[in-house]
Every structure is written in C-alpha cells, then in structure tokens.
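Peer 1: This is the structure I want to talk about, given as structure tokens.
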Amino acid sequence: MPAEYQQQLVNTIVGLEEAKITQPGYGVEYDYIDPRQLKQTLETKLIHSLYFAGQINGTTGYEEAAAQGLVAGVNAACSVLDCPPLLLNRTDSYIGVLIDDLTTLGTKEPYRMFTGRAEFRMSLRPDNADIRLLDKGKASGCLSKERIDQVHHNMATLDRAKEILQNDVRKNSKWIALLGHSLPQHKSFSAYRLLSLSRISLEDISKHVKDVGHLLETPQLANRLKIDAEYSLYLEKQEACMAEINREAALIIPDDLDLFSLEGLSNECREILEQAKPGNLAAASRLPGMTPSALFVLLGAIKTSKFTKIVQSTIR
C-alpha cells in the first residue's frame, strides 16, 4: 500500500487523527506458478528436467523454501545421475506434507507448514528423522557410508535395549519396592512400560535391569529411548483407531451431522470437513490435515447418529 494511503488509513482511527507515520510499512509482491503443475519431485509436468523450489511455488521464503530447495536439488541430481528420486510422503516427513499439499491442492496465499497439517505428527519427530528417512536417503545417494553405518548402529542399539526392557516383566509390588515410586494399578509391568512414565528415568531402571545402563553414556540415544517409550502407548492407540477406521471406511457421513457440536474435534478439522463435505469416512481420511483422533471422533459420531435414527424409527 502506498505510503500516503497508509497515512490516511492510520488517521481514520479514533485518537490517531493527527498521528504521523515515521516509517511506512512495506509489502513484497512476487509472481508464482501454480504448484499443481509440479510433480512430487518438484519437477514441472510440462518441461522435463525443470525444477522449481521456494516462493515461486507459492510458499513463504523461510523454512518452507529451504525444504523445497533440498528436495528439488536432490531430485535434479538424481535425474542426472540416474538414481531413484527422493519421494517424501505425508506419513514420513513434514516436507512430504508440504509438497503433497502444494502439488495436490495448490495454495491461494503464502503457504506455511504448520504441524497441524500432518496427520501422523506423533511419529514425525526431529530425534527419529534419521531412522524414518534412512532408506530414502540411502537410495537417492544423500547419505555417506559413515552416516548410514551410524544410523544402523543406533537402530540396533535401540532395538536391543527395547527388547531387553520389554522382556523384563515383574509384579507391580516388586517394581514399587525397587524404585520407590507409586505406580498405576496393574498386576505387572514391563520395564519398557515403566519407562513410559514421566517420573521414571532410564537411570532409575538401569540400576535393576542389566545391559541397558551403557546407553546413559550416549545421552542422545538414552533420550530417544525414553521418548519412544513415552509415545508407544499413544502410537498403539493411534494404530488401533486407524484399523477400526479402515474397517468402517464405507460408513456414510450424514448430511445433518452437526460438526460443531462434536467434542474432541479441533476447529481446524471442523473447517476441513465443512469445506470438503466428504461423503464417507474413507473420503474424510484422505483429506489433508485430518488426524486419526479426529477421524475416530467422526466415526463415533456417525455410529451414534446411525443408532439414534434406528431407535427413533423403532419407536415410531
């Protein structure tokens, strides 16, 4: 907006009629292509070997641009070197979410990557990126042999520690006597389940479980093991929810279902459903940004609505 119009706008505000702007604001305008013209590799569909990344694809010029630059650059090199392309998807990375949103939905305003756009964000953590993306990074030639060997070593170390902790199952009373902590009411716990409790540390457990104490010498791995344990129950619930959602994928979403009355459904998910108006649960599950928990809430509401209608028709 030109400076004189900014001045006029400010002077329309009560109390600022005589105010003077000492430094006008500025806006940046730039042209961009429709990112739906791009492949998942960020290569254009119309011109072979032409890749686009950054603000020209309709995003901001910050982390989003840097992420695209990485993907476009790697894939341009893969094309020349005849390597498999680097294809990131919604389930394995935030970059995959960003690229999928841009190339399938496009954008009407500068796109920013919010964690809420990812359906499986509990699995997308900085500490596990090396394991998540190892195979794809290796196939596209992004990783050195030293890095690959290090990741394999970390994976083996963590898997072995998890196996030891999961196999060490003791009675609740035994753990309480050893650790001196009150525990949830269960007959028995594995050491791994104990580690999922915020007040129990790996250091506490290593005093009573053999062959895991060495992890404390590598704080990064010890911290990752703790995080994996804390998230494990939530991920198990998420997988169970998705299994039920997949079984009920054909369920029709009633036209009269009041989305804004559903408890547990975020405003963002409500807006997504309201705009897309999917016909069934399967269509809803494919909407970008729809989380497993939101789909499970929707599933419950559909079943409740269906049951209510059956009861009402029976009464009549």
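Peer 1: Pick out which of Ala191, Ala243, Ala301 has the largest mean-square fluctuation in a Gaussian network model of the chain, springs linking Cα atoms closer than 10 Å.
Peer 2: In this elastic network of the chain, the residue with the biggest mean-square fluctuation among Ala191, Ala243, Ala301 is Ala243.
Peer 1: Further question: Once the mean 1/r over all distinct Cα pairs of the range 1-45 is inverted, what Kirkwood radius in angstroms do you read off? Mind dumping the intermediate values first?
Peer 2: Working: mean 1/r = 0.0720 Å⁻¹.
After inverting the mean inverse Cα-Cα distance, the result is 13.9 Å.
Peer 1: What angle, in degrees between 0 and 90 and rounded to the nearest 10, separates the Cα long axis of helix 219-247 from the longest principal axis of the Cα atoms of the chain?
Peer 2: Its long axis makes an angle of about 80 degrees.
Peer 1: What distance in nm lies between label points placed 7 Å from Cα along the C-beta direction at Val28 and Ala66?
Peer 2: Reported label-point gap for Val28 and Ala66 is 1.5 nm.
Peer 1: Compare the peptides 19-31, 3-15 by average per-residue count of other Cβ atoms within 10 angstrom and give them in order, highest first.
Peer 2: Details: 19-31: 8.1, 3-15: 10.5.
Per-residue mean Cβ counts within 10 Å order the peptides as 3-15, 19-31.
Peer 1: Right, something else. Roughly what percent of Cα-Cα pairs across the range 154-259 reach past 15 Å? Write out the running numbers ahead of the final one.
Peer 2: Values: 3767 of 5565 pairs.
Tail of P(r) above 15 Å: 68 percent of Cα pairs.
Peer 1: How much of the accessible area of the chain, probe 1.4 Å, is carbon plus sulfur, in whole percent? Walk me through the numbers on the way to the answer.
Peer 2: Working: 10510 of 19110 Å².
Percent of accessible area from carbon and sulfur atoms in the chain: 55.
Peer 1: Cut-off 13 Å, label point 7 angstrom out along Cα-to-Cβ of Thr218: give me the residues of the range 97-140 whose amide nitrogen falls inside.
Peer 2: Inside the label zone: 131.
Peer 1: Please work out the average accessible area per residue across the chain, using the 1.4 Å probe convention, and give it in Å².
Peer 2: Numbers: 19110 Å² over 316 residues.
So the chain comes to 60 Å² accessible per residue, rounded to a whole number.
Peer 1: Hey, what do the phi angles of the range 252-258 turn into as Karplus ³J(HN,Hα) couplings, whole Hz, using 6.51/-1.76/1.60 and θ = phi - 60°, x for Gly and Pro?
Peer 2: 7, 8, x, 5, 8, 5, 7
Peer 1: Moving on to the next point. Which FRET efficiency value, to the nearest 0.05, is calculated for Gln166 and Arg112 with the Förster distance at 45 angstrom and r the Cβ-Cβ distance?
Peer 2: Once rounded, the FRET efficiency stands at 0.70.
Peer 1: Another question, if that's okay. Rounded to whole Å, give me the distance from the Cα center of the range 160-187 to that of the range 111-134.
Peer 2: 31 Å
Peer 1: If you take the Cα atoms of the range 1-85, find Rg, then find the Kirkwood Rh from the mean of 1/r over all pairs, what is Rg/Rh? Walk me through the intermediate numbers first.
Peer 2: Numbers: Rg = 20.9 Å, Rh = 15.9 Å.
Here Rg/Rh amounts to 1.32.
Peer 1: Here's another thing I want to ask about it. Leu50 to Asn246: extension gain in nm, 0.36 nm per residue of separation minus the Cα-Cα distance? Mind dumping the intermediate values first?
Peer 2: Values: separation 196, 0.36 × 196 = 70.56 nm, distance 3.85 nm.
Length difference between fully extended and current span is 66.7 nm.
Peer 1: Further, regarding this structure: For the chain, take the longest principal axis of its alpha carbons; what is the angle in degrees between that and the long axis of helix 145-167, to the nearest 10 within 0 to 90?
Peer 2: 50 degrees
Peer 1: Would you mind computing, in nm to one decimal, how far apart the modelled labels at Lys138 and Thr91 are, each placed 7 Å from Cα along Cα→Cβ?
Peer 2: Inter-label distance under the simple model: 1.9 nm.
Peer 1: According to a simple spin-label model (label point 7 Å from Cα along Cα-to-Cβ), what is the distance in nm between Arg199 and Asp149?
Peer 2: 4.5 nm
Peer 1: In bins 10 Å wide, starting from 0, what share of all Cα pairs of the range 103-200 does each bin hold, as a percent?
Peer 2: Here the calculated profile for the range 103-200 is 12, 26, 25, 22, 12, 4, 0.
Peer 1: Can I ask one more? Quick one: go through the range 40-58 and flag any residue whose amide nitrogen is under 13 Å from the point 7 Å out along the Cα-to-Cβ line of Ser79.
Peer 2: Counting backbone N atoms under 13 Å from the label point, the list is 40-53.
Peer 1: Also: So for the range 3-129, taking the charge dipole from beta-carbon charges (+1 Lys/Arg, -1 Asp/Glu), which of Tyr5, Val74, Ala129 sits furthest toward the positive end?
Peer 2: Farthest along the dipole direction, towards plus: Ala129.
Peer 1: Also, I was wondering about something else. How big is the Cα convex hull of the chain in projection, averaged over all directions, in nm²?
Peer 2: Values: hull surface 110.5 nm².
Projected area, direction-averaged: 27.6 nm².
The values are calculated or read from the model by the stated rules, or taken from the named source; none is laboratory data. As the structure is a computational prediction, the values presented were derived from the model and not from experiment. Don't worry about glycine lacking a Cβ; one is built from the backbone with ideal geometry, like all the others, and counts go over all protein chains shown. When the accessible area is computed, the model is the full protein with side chains, heavy atoms only, and any ligands, DNA or RNA have been set aside. Shrake-Rupley method; radii C 1.70, N 1.55, O 1.52, S 1.80 Å.
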